[in-house]
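Shown below is the structure under consideration.
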Amino acid sequence: MPTDPPAIPGPPAPEQAAPAPDKGPAASAPDAPAPVARERVSMFRSLRVRNYRLFFVGQVVSNIGTWMQRIAQDWLVLSLTGSSTAVGVTMALQFLPMLLFGLYGGVLVDRFPKRRLLFVTQTSMAVTGLALAALTISGHVQVWHVYVAAFAVGMATVVDNPARQSFVSEMVGPEQLQNAVSLNSANFQSARLVGPAVAGVLITTVGTGWAFLYNGLSFIAPITGLLLMRTRDLHPVRRAPRAKGQLREGLRYVARRPELLWPIVLVGFIGTFGFNFPVWLSAYADDVFHADAGSYSLFNTLMAVGSVAGALLAARRGTARLRVLIGGALAFGLLEIVAALAPTYWMFALLMVPIGMFGLTVNVTTNTAIQMNTDPAMRGRVMALYMMVFLGGTPLGAPIAGWATDAYGARAGFVAGGVVATAAAVVVGLVLVRAGGLRLSVGWNHGHPKVRFVPKEQAEGSAVPVTTAA
């Protein structure tokens, strides 16, 4: 009887000894079956690692501050200017450095110890948050101050994002990488439950400056965690020596591997056109439902509820599956279209939950598949490319989303983002199926029809296909 299609294959984790032998075209296909028994994964097993536990706790505190600053920053800009376009410009400035310098950040991450780089980036973001807090609380803040702060955080993120993403494997090793990546996402999204709620209370009671102040002080926690780590317990990774052409080498590495290239293309479209929630949600709260910052905070909180659920479900999965990535992206785009047309406040708000769940599913599945399929010596550059495409597309998409929202209304802007995400999921899904040498096949399981993608040879040779579980 047919079973679930296997996980996305790739090279063995770099920490392993040698590459697996070549088993023919099917072995290199992005969704080729592999006869490996599936291990039941404990949802929180990577937290048994002391270094990762320190990292995780520090990120809990810091991520709450990050979400507080995001909400406060967007609402402050909207209050100062009354323009959704200005909110989009703020987003663009924060993510523009990733678009311009993201690949160079990846080269630095592959060359230098990631723990030391994280000291520098976390400290610089703390200083930025404290400076913005001082300006806002003193009543001297202007919109250009927010623009400068957003750009400064973006410059730190160029190195911080790929360093944090790839440092996970050095803390937990290849066996627990999938679980740790999923818990990282659950951590970030759980903070999203607390951060917007607290930010909404602070904004409406004492002002946005106090949210910035908490964010600046919150970086004490991850910096302390980095200082307390035992370096002898880290999994050493060979660092890339300084040499010419390392950036091009990383691009060629991804271009030769469809299991890396096409998921990155997919998240590029979704990140550029489908994740402009600060623009859309602030416009829905202000213009469509004529509400205050508390409603904007509620929308973000409900989306975070779904995101946490998606992350925890991913933590239970032992593998990163291609069908989960494509299915999650398709559901994400379709739900955005439905939410954009929702006629009532509460219907719109409740739809944020599944949107958050499927958006997080796309993020975690892509992140995990890329890390597990990448040689450690290339991981910084590959993760930088992934983050550059996912986050760096915002400088292009956010102003467009802001302009469309101002010109045609929040509903039209939201619909357009959902349409692009849906189309990208369909097209990339078909490309990956073709690249993997797969075809659609219908079989029967206990009297019920089952639709699966299977290798072409298998579908042609059997009326009732049988696949092998990963």
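The values are calculated or read from the model by the stated rules, or taken from the named source; none is laboratory data. Owing to the predicted nature of the structure, the values given are computational and were not obtained by experimental measurement. A quick note on method: Cβ atoms are made from the backbone with ideal geometry, for glycine too, and the neighbour counts reach across all protein chains shown.
For region 272-306, which residues satisfy the criterion of being closer than 15 Å to A342 by Cβ, part of a helix (DSSP H, G or I), more than 20 Å from the chain's Cα centre (by Cα) and not polar (S, T, N, Q)?
Across region 272-306, the qualifying residues are A283, Y284, A285, D287, V288, L298.
Ok, one more. Kindly list the number of the only condition in (1) at pLDDT below 90; (2) within 21 Å of the chain's Cα centre (by Cα) that fails for L78.
It fails just one condition, (2).
Let me ask something additional. Scan region 341-353 for residues that are in a helix (DSSP H, G or I), in contact (Cβ under 8 Å) with a residue 24 or more places away in the chain and either surrounded by fewer than 23 Cβ atoms within 10 Å (Cβ to Cβ) or of a type in the set (F, W, Y) (or both) and jot them down.
The answer is Y345, F348, A349, L350, V353.
Kindly indicate the residue of region 111-137 that is within 27 Å of Y147 (Cβ to Cβ) and not aliphatic (A, V, I, L, M) and also surrounded by the most Cβ atoms within 10 Å (Cβ to Cβ) among those meeting that condition.
Among them, the one singled out is G129.
Out of the residues in region 219-260 meeting the condition of being within 23 Å of R48 (Cα to Cα) and small (G, A, S), tell me which one is surrounded by the fewest Cβ atoms within 10 Å (Cβ to Cβ).
Once the filter is applied, the top-ranked residue is A221.
Is it the case, given these coordinates, that G397 is surrounded by 22 or more Cβ atoms within 10 Å (Cβ to Cβ) and under 14 Å from the mean Cα position of the chain (by Cα)?
It is false that G397 is surrounded by 22 or more Cβ atoms within 10 Å (Cβ to Cβ) and under 14 Å from the mean Cα position of the chain (by Cα).
Going through region 119-136 one residue at a time, which ones are within 16 Å of G207 (Cβ to Cβ) and polar (S, T, N, Q)?
Selection gives T136 alone.
Hey, another quick one. For region 318-332, does any single residue satisfy the condition of being within 22 Å of Y296 (Cα to Cα) and either modelled with pLDDT of 85 or more or touching a strand residue (DSSP E or B) at 6+ places or on another chain (Cβ under 9 Å) (or both)?
yes
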